[in-house]
Amino acid sequence: MKLSFTTAVVLCSILPFVASLRNPTTSLPPEFQSALNFTSYVTSLFAVGTQNYKCNDTDNTWVLDEPEALLYPVGSNPFSKKERPRNVGYHYFLPAPGVNGGRATWELKLWPQQVTTKIVISKKDPNPANINVLLTTLTDYKGPPKAAFSRVGFVVRADTRLGTAQNPCKAGEKTKQPYSAVYHFYTKVNLTAPDTTHLFDFDD
C-alpha cells in the first residue's frame, strides 16, 4: 500500500504527537477498561492511511468497505524525512469474514504474523469528524506459535483522527478518507505479556 500525495498532506496536517506508551489502559473509556481486566498490555502501533467507503444505494449513506493503513512504531512521524521511521506492518480487512466472523486484520512483517478481530464495543468520538474508538476481540491468529502476536486477545483503536465520510452520497460513489489512529494490543485473559523488546528488529 502507498499513500497518495493528498492523503499524506492531510494526515501530516492533523498528525498527533503520540509519546511512547508503557500501558495506555487508564486512558481508555471505563467500559473498555472493565473488558480488559485480567489481560496484559502487549504493544501499540501507530496507523496512517484511509478509511474506504462505498455508497449504499438503498438510503444514500456511506458504508465502510475497508481500511488501508500502514503501521509504525508509536511515537514516530511517518512523514519525517529526517526520521524516516520504518513501516512495520499493515492494517486491512479480509475480503470476506473469516473464522468467527472477523475481518479487521493487523499484519506484521516480522516472521510474519497477523491477528484478525471483530468489534465488541464501538464508542463515538466527541469530534464527529473522527472515526469511532473500538474494542475488538480476537477471532484468528496466523504466525509462529511463540511470536509476540500469538498471545493477543484484544485490539483497541484509540486516538482517532478524521476518517469519517459525510452523508448523503450518490449511487455508485466511492471515497477514501484519510485517517490516523493508535492500535493497542492486549493478551487473552490471564496471560502474561510476551517480550516485545525485539518486536521490530528486522531488516527491510
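Could you list, in their original order, any pairs among Lys54/Lys124; Lys124/Lys146; Lys146/Lys176 whose Cα atoms are separated by more than 31 Å?
Lys124/Lys146; Lys146/Lys176
Please find the FRET efficiency linking Leu64 to Arg86, where r is the Cβ-Cβ separation and R0 is fixed at 30 Å, and quote it to the nearest 0.05.
With R0 = 30 Å, the Cβ-Cβ based efficiency is 0.60.
Residues of the range 30-169: accessible area per residue at 1.4 Å, in Å²?
48 Å²
Could you pull out the chymotrypsin sites (Phe, Trp or Tyr not before Pro) across the range 32-73 that fall in loop regions by DSSP (anything but H, G, I, E, B) with no more than 14 other Cβ atoms inside 10 Å?
In loop regions of the range 32-73 (DSSP not H, G, I, E or B), the sparsely surrounded chymotrypsin sites (Phe, Trp or Tyr not before Pro) are Phe38.
Calculate what fraction, in whole %, of the accessible area of the range 58-189 sits on carbon and sulfur atoms when a 1.4 Å probe is rolled over the protein chains.
51 percent
So how long is each side of the range 59-154 along the principal axes, counting just the alpha-carbon atoms, biggest first, in Å?
Result for the range 59-154: principal-axis Cα extents of 43, 36, 23 Å.
The values are calculated or read from the model by the stated rules, or taken from the named source; none is laboratory data. The model shown is predicted, which means the values in this text are computed figures rather than measured ones. Reconstructed Cβ throughout: ideal geometry from the backbone, glycine too, with neighbour counts over all protein chains shown. Only protein heavy atoms, including side chains, enter the accessible area calculation; ligands, DNA and RNA are left aside. Shrake-Rupley method; radii C 1.70, N 1.55, O 1.52, S 1.80 Å.
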